[in-house]
Amino acid sequence: MAALHEARELTVTEATKRGVAGLVADAEQSGPVVVTRHSRPVAAVVPMSRLSEIDEAAADLRDLALVLARSAADSGRRTSFDDVLAAFGHTRESLAAMKDDDALDD
């Protein structure tokens, strides 16, 4: 897996000469190609496999951030199922006694 800092760099002028087909071929064969303007990276052409890896990593980071946020905000307080039922005016017994059609009417 090639990192972007290890990517081949081309100036905009060089990339224009290579053309889209050339840039795509370079990315497929050699990994990411970074296009620079005035020595600053402005675009990258990456193989689809690398883009998929980046997407998966981003999803993993979002999940991790959610876990960390929930962990930091967790008071430790838990609500029992019976308390939730009571808040809605039910008990386990009243739910068990309901017909399936009755549950849809509420």
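Taking every protein chain into account, the accessible area of the chain amounts to 81 square angstrom per residue (probe 1.4 Å). Computed from Cα positions, the angle between helix 48-73 and the longest principal axis of the chain comes to roughly 40 degrees. Estimated purely from DSSP H runs of n ≥ 4, each contributing -39500 (n - 2.57), the mean residue ellipticity at 222 nm for the chain is -19000 deg cm²/dmol once divided by its residues.
Take every Cα pair under 8 Å in the chain that's 6+ residues apart, average their separations, divide by the length, and report that relative contact order as a whole percent. 18 percent.
GNM on the chain, alpha-carbon springs under 10 angstrom: the most fluctuating residue among 95, 68, 51 is 95.
The convex hull around the C-alpha trace of the chain, projected and averaged over every direction, spans 13.6 square nanometres. Relative to the longest principal axis of the Cα atoms of the chain, the long axis of helix 12-30 lies at roughly 60 degrees.
The values are calculated or read from the model by the stated rules, or taken from the named source; none is laboratory data. Treat the numbers as computed from the prediction; the structure is a model and nothing was measured. The area values use the complete protein model at the heavy-atom level, side chains included, leaving out ligands, DNA and RNA. Shrake-Rupley method; radii C 1.70, N 1.55, O 1.52, S 1.80 Å.
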